[in-house]
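Only one structure is covered here, and it is reproduced in the block below.
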Amino acid sequence: MRNSNWFILTLVIIIINAGVTLVLINQFGNSNDKAFNRAAADKSIRIASLAERQNAITNAVAAIEPAVVSVNVIKTEIIRPGGMFGGYFFDFFEFAPLKREVQSIGSGVIYDDQGHIITNAHVVKGATQIKIVLPDRREFDAVVVGMEDSRDIAVLRIRQGTGSKVPFAKLGTAKDLIIGEWSIALGNPYGFLMNDCKPSVSVGVISALNRNFNMPQDNRNYTNMIQTDAAINPGNSGGPLVNIHGEVIGINTFIFSDSGGSIGIGFAIPIDTVKDIANKITGVA
């Protein structure tokens, strides 16, 4: 009888332990499932949020950004000596003019796989050294292939190493632009201060078309210019103005501003004009 009691007691203990184990396994499994489900839900929310934030503008920027470059220029300026006797005194005694090196920065856009870059002539005119910096931090020396100063367009070419490939932008057209449609300006405003090779992006609309300007002091004529309220600041010159498809529709050139900063009146040379000039410079039919 005593042995049968021990047997029953042992059996009860085994059943209780099995029950407790099942309960623990069930609870642990549920908590793991809940944690997994919660993580999966959070990831889905993040993916959905990212998808909602992406739009035509962000897609256009992603397409054009790799081809927008910083154009770092060193120019030599001639300074005529002056003093208490004025310039005529120094001219009479033929004192040698002084020279100084000045560093400046502008923007440009690579437009083919050969490393040709479009920028403004005023960005590189008089340059003794040109260094191109890509958004991926690669640096290249560049040469001026040619320029049409009166239209303020220059074509550069980077000196690529063997096997080195560069991104390039798609050139669109400005012939079918609509006043009020989105415009995106990219470039390197105040690049020396930013200490960053990635371009800045500003968004606005096409404000007006076919604006004409004559700049006698620079011997330049600007015709059929695109006006935009996308912010353009010093250093943006030579950078691309882009449509919603990520196509270059103009080259940012100058602003109207009393302060020197953007007040929403910027102008770009239509890309159709730029392409004609670039083709003449590079000898493309």
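Worth a mention:
- Packing-based exposure ordering (other Cβ within 10 Å, fewest first) of Ser104, Ser237: Ser104, Ser237
- Counted charge near Asp141, where neighbours are those whose Cβ lies closer than 13 Å (Asp, Glu -1; Lys, Arg +1): +3
- Cross-link pairs exceeding 24 Å in C-alpha to C-alpha distance, out of Lys125/Lys175; Lys125/Lys275; Lys170/Lys198, comprise Lys125/Lys175.
- Within-12-Å neighbourhood charge of Ile277 [Cβ basis; K, R +1; D, E -1]: -2
- Prolate/oblate/rounded label for region 132-178 (Cα gyration tensor, a/c 1.5): oblate
- Shape category assigned to region 170-282 from the gyration tensor of Cα positions, a/c cut at 1.5: rounded
- In plain terms, the chain from Ile263 to Asn221 could stretch by 12.9 nm, reckoned as 0.36 nm per residue minus the Cα-Cα distance.
- Here the extension length gained between Glu77 and Arg137 equals 18.7 nm, from 0.36 nm per residue of separation less the Cα-Cα distance.
- Other residues with beta-carbon under 13 Å from the beta-carbon of Asp176 carry, at +1 per Lys or Arg and -1 per Asp or Glu, a net charge of -2.
A short reminder: the numbers here are calculations on the coordinates, not readings from a lab. Remember, it's a predicted structure, so these values are computed and weren't measured experimentally. For neighbour counting, all protein chains shown are included, and Cβ atoms are generated from backbone atoms with ideal geometry for every residue, glycine included.
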